[in-house]
Structure formats: C-alpha cells, structure tokens
1. Within the range 23-39, restricting attention to residues that are out of contact with any strand residue (DSSP E or B) (no Cβ under 8 Å at 6 or more places or on another chain) and among the hydrophobic types (A, V, I, L, M, F, W, C), which residue is surrounded by the most Cβ atoms within 10 Å (Cβ to Cβ)?
2. I'm checking my understanding of the structure. Among residues of the range 24-80 that are modelled with pLDDT of 80 or more and touching a Leu at 6+ places or on another chain (Cβ under 7 Å), which one is nearest to GLU12 (Cα to Cα)?
3. Spot the failing condition for LYS20; the list is (1) in a helix (DSSP H, G or I); (2) modelled with pLDDT of 90 or more; (3) surrounded by 11 or more Cβ atoms within 10 Å (Cβ to Cβ), and only one is missed.
4. Within the range 4-17, can you find the residues that are outside any strand (DSSP E or B) and surrounded by 13 or more Cβ atoms within 10 Å (Cβ to Cβ)?
Amino acid sequence: MAIHVWTMSPSEDGVLVHTKESWDGEPVRTQPEEMQQALDSSLRTWLQSLKQKRKPNPKVDGSGRWRSLRSGPSQRRALR
C-alpha cells in the first residue's frame with residue numbers, strides 16, 4: 001500500500017511542490033533501496049510533467065532550472 005500527498009504552494013520562484021510518501025508491504029520491506037529508486041524516478045517523472053504543463057511565469061528568467069531542497073525523509077522541489 002502507498003500513500004502519496006502532493007502540496008503545491010506559490011513561491012517567489014514559481015510553485016513549491018512538497019511531496020510526502022508512505023509505503024508498506026513485502027516489496028518495500030524486502031527491497032527498500034530498489035523501491036526508493038523507483039519512487040525517486042517516479043517523482044522526477046511527475047515533476048517534469050508538471051513543469052512541461054505549467055503556465056509561463058513572467059517573474060522567472062526562463063532558465064527552466066530546478067532547485068531541489070531536502071527536508072528529512074520527504075523532498076521539496078521548487079518548480080520554476
């Protein structure tokens with residue numbers, strides 16, 4: 001079983017996307033590194049999709065860079 005919570009909030013640079021995940025089950029317990037890699041890959045794919053579909057923000061320089069921040073077990077990414 002998995003629970004994924006995505007929170008999006010405005011920031012000076014665009015939108016701050018904060019994710020929290022909770023996984024449980026035999027695959028997670030027996031292969032935690034592989035499952036973490038799969039989760040990280042999935043998050044990158046979804047964030048890239050959000051970035052491609054975002055509305056233009058005139059306050060952003062158009063560089064299209066991602067700024068990644070880590071905060072404990074969850075990840076925060078500023079979508080610019």
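1. Applying the filter and picking the extreme gives VAL28.
2. LYS51
3. (1) is the only condition that LYS20 fails.
4. Step one: of the range 4-17, the residues outside any strand (DSSP E or B) are 12-13.
Once the filter is applied, which keeps residues that are outside any strand (DSSP E or B) and surrounded by 13 or more Cβ atoms within 10 Å (Cβ to Cβ), the range 4-17 yields only ASP13.
The values are calculated or read from the model by the stated rules, or taken from the named source; none is laboratory data. Given the structure is predicted, the values throughout are model-derived calculations rather than measurements. No Cβ is skipped: glycine too gets one built from the backbone with ideal geometry, and neighbour counts run over all protein chains shown.
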